[in-house]
Every structure is written in structure tokens, then in C-alpha cells.
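So the structure is just underneath, and the comments pick up after that.
Every read-out reported here was derived from the displayed coordinates using simple, explicitly stated rules and does not represent laboratory data. Not measured: the values here are computed from a predicted model. Quick reminder, even Gly has a Cβ in these numbers, built from the backbone with ideal geometry, and neighbours come from all protein chains shown.
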Amino acid sequence: SAGEPAATVCTTCPYCGVGCGVRAAPDGRGGAAISGDPEHPANRGRLCSKGSALGETLDLGDRLLAPRIGGRAAGWDEAIALTARRFSETIARHGPDSVAFYVSGQLLTEDYYVANKLMKGFIGSANIDTNSRLCMSSSVAGHNRAFGADTVPGTYEDLELAELVVLVGSNLAWCHPVLFQRLAAAKAANPALRVVTVDPRRTATSELADQMLPIAPGSDVALFNGLLHAIETGGALDRSYLAAHVSGAEAALEAARGYPGERVAALTGLAPAEIAAFYAGWIGAKRVVTVFSQGVNQSSSGTDKVNAIINCHLATGRIGRPGAGPFSVTGQPNAMGGREVGGLSNMLAAHLSLEDPGHRAAVQRFWRAPRMPERPGLKAVEMFRAVAEGRIRAIWIMATNPAVSMPEADAVRDAIAACPFVAVSDITAETDTAALADVLLPATGWGEKSGTVTNSERMISRQRAFLPAPGRARPDWRIICDLAAAMGWGDAFAYDGPAAIFREHAALSGVAAGLGRDFDISPLAGLSDAAYDALPPSRWPAGPEGGRTRFFAEGGFFTPDRRARMLPLTHRAPATATTPGYPLRLNTGRVRDHWHTMTRTAKAPRLSRHIAEPFAEIHPDDAAPLGIAPASLVTVESPHGRIVVRALVTDRTPPGSVFVPMHWTAQWSAAGRVGAAIPAATDPISGQPESKAAAVRLGRF
Ligand code: SF4
């Protein structure tokens, strides 16, 4: 009866890419009791501080509950009709590439699928990009170069089965806490499991490390080129694996020969003895997993860093075997779902290639699409530059806050403000980006919407609704389909729910598998609505190879000749040089208890108890000459912007660098918006911005 608590619902945490299973028991008053799902393979009942506080983030205080046009409340029909008209008029006058969607890893796979289908197949532009560009696009590009597909070869279990786990540019303890807990538990049970961290900063993760390598920012390629050279000189090449499954080894080895130990020491700032110890440990451990995250990805040489790591695993055949492989751990709950549907401007759907005419034709046939773009669209940084320059004249931003999170955030905010038409769909109007919208569209949030997400180990899990949609909020997939219908394509977007979208997505993956691609969930294309609703966590590929958990131990890469590629790589310094005027490196990252720009986590007071305000970690040697006292206010300034935060004087951060967290926005602390100070330098292949190596100066406020 009304008001009686409903049954417990199994769903998935909306925060990080670990993708933990959550049980939610609604209390009948709009809240829910939250616990870890003991049956979910990612977390086996564990939750971190953020996940366990989810029940405290469900109130409707700041929610956007009805569409708004120019600040006034409006009906859905009017808001959708206006958005459709402005998009259609812009396309008619300026062509399909004059419009764009900027989407988010917070979207569910079904939302992402229809957004990508609408932009690429019906509007006919590839201008759909995502905040995932800021997160893992270097890993995608590195996987594609080495494997011919964006395939993560291993699983979380590999961290527990390894003899050596190397964590590169990853504060796993704070950013992927449950995976860190699994690693810590495995190490406690097996003290022979060694952990090495590669990170300029000393972090909570370092506490688990047997060896810490505080490398100079941006020097990972030198470190792993040196490792590849040591593998060769140490006689550790797996020559039979190389002969059977890998191309490009000789060129990669030749490039690596330019990185003897003393050169690696000079470039990384590490002592020769600690480099030698790391190399000996890596070479000596047959089961080694090299985990990499944002310190690798968010770099102007991010793609090369990924390939430098993969080179070492290919050279030793340590890939796709229990406890061995390169492992990308990425940011958002839908770590991989967006990639699977092609929600990046340079991808198609189902891991098919936009630039392959055969792939394009197959998707166009499948969608019965009137048109398809033939070249990649604009990547995030380019997209907002095009907005600033008037080349993009209508943009729809879904579930993300680029006026804060993009590099050169002030310029991005100004560009959005000046864009002739901006639609924003989100759960709240209280973001810096929503404040700039012509049309605001209320979306359902976690606990209210239904669909799937894919975590960092290829595990597809259901997010299930356990609360009603508040006010007039609608699921993202439905808002997108409503727009498609208003633009004249209702037949192709006539889904009656996320299950129907998922079936189509799964069927398209079968087309892709027929073209030799890795992503295959075609056996799920026949799921009934009830079976979709009951879908247990399922790792892809599903089907004839179902139960297969790892890729590439016996080769079988997704390049035309089925061989992996090793690449010759060269160390490059960060794109922005430090100068006497801007002598310090600005590193950015997360804190333990907050998520992104805090639209959800700020609602749980206990999550602000750990760290309540933005800060700058400054080494005592940098603070003293400037007269910066602990806990005083300081300015951190680049040529692009300036922030004011509290000084945290500590030797956790090395001399010559400053660490500032990324979460605080104008809503919480106008002066702590660190994106304003970061230059929009990007990796030339992935387009991922370099968020961890800006040149800045410090001052007393
Ligand atoms: Fe959620 Fe990640 Fe924490 Fe798991 S580790 S509960 S997915 S934030």
C-alpha cells in the first residue's frame, strides 16, 4: 500500500569506474537505506565512503523539476519544440557540423546509444563528444593503436593473482577505493605480492607500496622505454610470443635502446639504483599487472605513455594471463559503456571505426540512417573552441558541467555564454553551466533511472530505479528520443524503454562482431523486458565465448592481420614549459570523499568532514621563500586564470609542484575553480587535455 517500503533493489553505484553493486531499500518517504551488494563480483559487498553515503544524496532540495526556457518554467512540448526548431534551423543554415552534443560518463549506455545514433546517423555530424575525453581517451587511443580495438585485456581479479602490481599515475586508495581494498586484502593474505607506485606525489595509495617511484611529471615514457630496454638486455623478451603475435617489436626496441639507465634517471629524476630495482622486480615477476590511470591519461603524451606500458607487456607476453597484463582503470560509473556505443567524436558504435567505409555502411544500414559523417567530429577542447569561434551555433550539454571541468574554464564559460543556442539537461539547475542555458531540461538521476553501465573490467551491470521520477523529470534516453521525433525522425527513435534500446545495441554488436570487432553482446539481443530487468552483472564478450574473461594470451588481436603493434616511442616533456615567471607544476586530482563538481556528494555533510574546502599542497621548500604560512590563503596563477585556496604545506607533494583538487566550483567556492588555471594543451592523438602539468606561480593572498 502507499507509503509502505518497497522491496530492496540491486543497482550500481553512480560514481567511479569500479562499478560496485549497491542494494537500495526505499523507505517510502523518498529516501533509501544503502548497502553493498555481496553478490556483485566487482565489490562483493564492499562500498567506499562515497558509495555508502548515497542515501544521503537523494533529497530534492536543489533539483530541476520542470523544463525552463530563459529562466521561466515551461512545458515539455514547448521546450522540446524550441530545441528542435533551433537545431533544425541551425543545421539548415550552417550545415550539420554547426551543432554539437557534449555528453557525459554519467549517462547510462542506453542514453549514450540514442544520443550517438541521433547525432551521427540522423543529424549527420560526428560532433558528439563527452567528458570522458577528459578521463580515458588516451587509454582508448593507446588500446586501439596496440590491439586494433579498445579492449581491456584483464579483470580486477588479476590484481589479486599478481606477484607484482605497479600503479602508475593512480591514487587508487582515494579514486577507486574498493579496488584498492581488494588489492590491500590480497597483499595482506599474500605478503609476497609486491606493490610499486609511480607518482610524483606521496598519496594514501603509497602506504601500501613496497617501492615508491616519485617520477618527474610527464616522464612515464622514459621510465617504460627504459624498462623495455632492460627487458631486452636482461634476456626477458618472449621471443615466441613476439614472433607469433606482435609486429613492430624491432622498431620499438630500437627506440628503447636510447633509454639506458642513466638517461632514464636524468629524465625521471629517480636515483639509478631505484630504477634498477624496479626494473629487476618487474622482469623477475612473471605475473605483473601495470595499472594506469589519470597520471598517464591526462597528459599531452598520454597515448604514448599507454603504449609505452603496453609495449613492455607485449614484449614479455605478459598479457591476458591470470595476474598479468596492462590495466586501465578509468573514472566514471559508465567507464566503458560510452566507448561501446561510440560516444566519442572519433568512434562509431560497437567499437566500429568511423573512418572505415565498410563499418560506416554497416551501421548506416542497421540504423536505416539517412546520412553518416565521413570524418571524425570535434573533440572536447576543439568543440568548445568551435563554440567560441562561432563555428558551433547550437549545443546540447547533457549531465556535465564544462564551464568548470574543462581546461581554460573561463574561456569555455564565456564561449557557452555567447553561443546562440544552448540546451542543458541535468538533474539540477545549480551548476555553472546550467546558469548559461537557454533551455533547461530536467533529467532523472541515480535511483530514478534505469539502464546499464560497464565498469573498468568490461562488466555490464544494471542501474535500476527505486524511486519515482520527481516533478516532471524524464530519463535522458527519452528526452533525446523526444528531440529526435520533433526533428522528424520519430520512427527510428520509437523505443518504449531502455530494454528496447539495449536490444538494438546488442544486435548492432553482433554486426560488429561479424566484421571482426571485439565488442560482442549479441546473445543479449533477444532479452525480454523481464530478462533485461533481471540481468545479472555480465562481462563481455557474451555468447559463444561467454565466460571468457581475458583477451590476447594466445594473440587474436583486432588489427587486420590479427597481430598486436609495438610502437617506437620518444619521451616528450609536458606541453607547457615552466618559466621564471611560472616556475611550478600544477597537478590536479580528486579527494577521497568528493566526486566531480560535487553536485551530489556535497549533499552528504559527512562527505565534507574529511576535507571541507579547496587547498593547495605546497612543499615547505617552495612555501618558505614566499613567506607562505600553513593554512594561509594563497593564489595559484597561470596565464589563463587565478584561484585562491588555502595552503597545505606538506612534503607529500615534491618541491617544484603544487597539487589542487578539482571538485570545487563557483557554487561552493568561487575562488577554487582550478580548471580556470589549466591550459587547453592536449595529446595530439587522443585530444585528452593535460590536466596535471600546468606552469603556475604561487603568491600570498
Ligand atoms: Fe562507488 Fe567507486 Fe566507491 Fe565503489 S569504489 S562504492 S563504485 S565510488
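Return HIS313, HIS596, HIS640 ranked ascending by Cβ neighbour count within 10 Å, so the fewest neighbours appear first.
On the way: HIS313 25, HIS596 22, HIS640 19.
Least crowded to most crowded, the residues run HIS640, HIS596, HIS313.
Show me the ranking of peptides 32-44, 677-689 by mean Cβ neighbours inside 10 Å, starting with the highest.
677-689, 32-44
Give me the extension gain from ASP356 to GLU157: residue separation times 0.36 nm, minus the current Cα-Cα distance, reported in nm with one decimal.
68.1 nm
Work out, in µm²/s and without decimals, the Stokes-Einstein translational diffusion coefficient of region 152-266 at 10 °C, 1.306 mPa s, Rh from Kirkwood over C-alpha pairs.
100
Quick one, what does Rg over Rh come out to for region 1-83 if you take C-alpha atoms and the Kirkwood Rh?
Numbers: Rg = 17.1 Å, Rh = 15.1 Å.
In region 1-83, Rg relative to Rh is 1.14.
May I ask you to order 657-665, 200-208 by the average number of other C-beta atoms within 10 Å around their residues, highest value first? Please list the in-between numbers first.
Numbers: 657-665: 24.1, 200-208: 19.3.
For the peptides 657-665, 200-208, the packing ranking is 657-665, 200-208.
Assuming a ≥ b ≥ c are the square roots of the Cα gyration tensor eigenvalues, decide whether region 584-700 counts as rounded (a/c under 1.5), prolate (otherwise, with a/b larger than b/c) or oblate.
Because a/c hits 1.5 or more and a/b fails to exceed b/c, region 584-700 counts as oblate.
If region 644-701 were replaced by its equivalent ellipsoid, with semi-axes equal to the square roots of 5 times the Cα gyration tensor eigenvalues, what would those be, largest first, whole Å?
Each semi-axis is √(5λ); the values are 22, 17, 10 Å.
Run the quick spin-label model on SER247 and ARG263: label points 7 Å from Cα toward the beta carbon, then report their separation in nm to one decimal.
2.6
Shape of region 137-331 from its Cα gyration tensor (a ≥ b ≥ c, root eigenvalues): rounded if a/c is under 1.5, otherwise prolate when a/b > b/c, or oblate?
Since a/c stays below 1.5, the shape of region 137-331 is classed as rounded.
Find the centroid of the Cα atoms in region 9-67 and in region 355-410, then give the distance between the two in whole Å.
Rounded to whole Å, the Cα centres lie 31 Å apart.
Note down, for region 365-494, the three equivalent ellipsoid semi-axes (square root of 5 times each alpha carbon gyration tensor eigenvalue), biggest first, whole angstrom.
Working from the Cα gyration tensor, I get semi-axes of 25, 21, 17 Å.
Which entries of LYS50/LYS120; LYS50/LYS692; LYS120/LYS449; LYS50/LYS305 show an alpha-carbon separation above 32 angstrom in the structure shown?
LYS50/LYS120
Could you please report the charge total around GLN463, scoring K, R as +1 and D, E as -1 over all other residues with beta-carbon less than 11 angstrom from its beta-carbon?
Summing Lys and Arg as +1 and Asp and Glu as -1 gives 0.
Output the Cα-based Rg and Dmax of region 9-57 in Å, rounding Rg to one decimal and Dmax to a whole number.
When restricted to Cα atoms, region 9-57 yields Rg and Dmax of 10.1, 30 Å.
Give the value in nm², to one decimal: projected area of the alpha carbon convex hull of region 268-398, averaged over all directions.
12.1
For region 131-204 and region 593-622, compute the distance between their C-alpha centroids and round to whole Å.
Cα centroid to Cα centroid, the span is 23 Å.
Using a basic spin-label model with each label point 7 Å from the Cα along Cα→Cβ, how many nm lie between ASP410 and ARG700?
2.4
Quick one: 3J(HN,Hα) in Hz for region 595-610, Karplus 6.51/-1.76/1.60 with θ = phi - 60°, rounded, Gly and Pro as x.
Values per residue, Gly and Pro as x: 10, 6, 9, 6, 4, 9, 5, 5, 6, 9, x, 5, 6, 8, 6, 5 Hz.
What is the mean projected area of the alpha carbon convex hull for region 296-366, to one decimal in square nanometres?
6.7
Based on the Kirkwood radius over alpha-carbon pairs, what value in µm²/s does the Stokes-Einstein equation return for the translational diffusion coefficient of region 438-496 at 37 °C and 0.692 mPa s?
D, rounded to a whole number, is 251 µm²/s.
Treating the beta-carbon of each Lys and Arg as +1 and of each Asp and Glu as -1, no other charges, what is the dipole magnitude of region 531-631 about its Cα centre, to the nearest 20 debye?
320
Where Lys and Arg each count +1 and Asp and Glu each count -1, what net charge lies around GLN294 among other residues with Cβ under 9 Å from its Cβ?
+2
Would you list, by chain and number, the lysines whose Cα falls below 22 Å from the Cα of LYS187, excluding same-chain residues fewer than 8 positions away?
LYS286
Please work out, to two decimal places, the log10 of the ratio I(q)/I(0) at q = 0.16 Å⁻¹ from a Debye calculation in which every Cα of region 122-184 carries one identical scatterer.
Each listed q maps to, in turn, -0.74.
Please list 599-611, 48-60, 435-447 highest first by mean number of surrounding beta-carbon atoms within 10 Å per residue. Intermediate values should be presented prior to the final figure.
Details: 599-611: 17.4, 48-60: 19.3, 435-447: 23.3.
Result, highest mean Cβ count within 10 Å first: 435-447, 48-60, 599-611.
Once the Cα atoms of the chain are picked out, what are the Rg and Dmax in Å?
Computed over the Cα atoms of the chain, radius of gyration and Dmax are 24.1, 74 Å.
State the extension gain, in nm to one decimal, for the chain segment bounded by THR8 and ALA612, taking 0.36 nm per residue of separation less the distance between their alpha-carbons.
Computed gain between THR8 and ALA612 is 214.2 nm.
Hey, any idea what the orientation-averaged projected area of the convex hull of region 360-408's Cα atoms comes to, in nm²?
4.8
If Rh is defined by the Kirkwood formula over all Cα pairs and Rg also comes from Cα, what ratio Rg/Rh do you get for region 207-303? Don't skip to the answer; put the middle values down first.
Working: Rg = 13.8 Å, Rh = 14.4 Å.
My calculation puts Rg/Rh at 0.96.
Taking amide hydrogens as modeled 1.01 Å from N in the peptide plane, which residues meet the under 5 Å criterion relative to VAL103, leaving out close sequence neighbours?
ASP129, THR130, ASN131, MET398
Could I get the Rg over Rh figure for region 402-458? Both from C-alpha atoms, Rh via Kirkwood, rounded to two places.
Radius of gyration relative to Kirkwood radius: 1.09.
Under a no-solvent Debye model with one identical scatterer per Cα of region 44-115, what's log10 I(q)/I(0) at q = 0.11, 0.13, 0.14, 0.15 Å⁻¹?
The computed values of log10 I(q)/I(0) come out as -0.52, -0.68, -0.76, -0.84.
Which value, in debye to the nearest 20, describes the size of the charge dipole of region 137-331 about its Cα centre when Lys and Arg Cβ atoms bear +1, Asp and Glu Cβ atoms bear -1, and nothing else is charged?
Roughly 120 debye for region 137-331.
Step through the residues of region 579-587 one at a time and calculate ³J(HN,Hα) from phi using the Karplus curve (6.51 cos²θ - 1.76 cosθ + 1.60, θ = phi - 60°), rounding each to whole Hz and writing x for Gly and Pro.
9, x, x, 10, x, 10, 9, 9, 9
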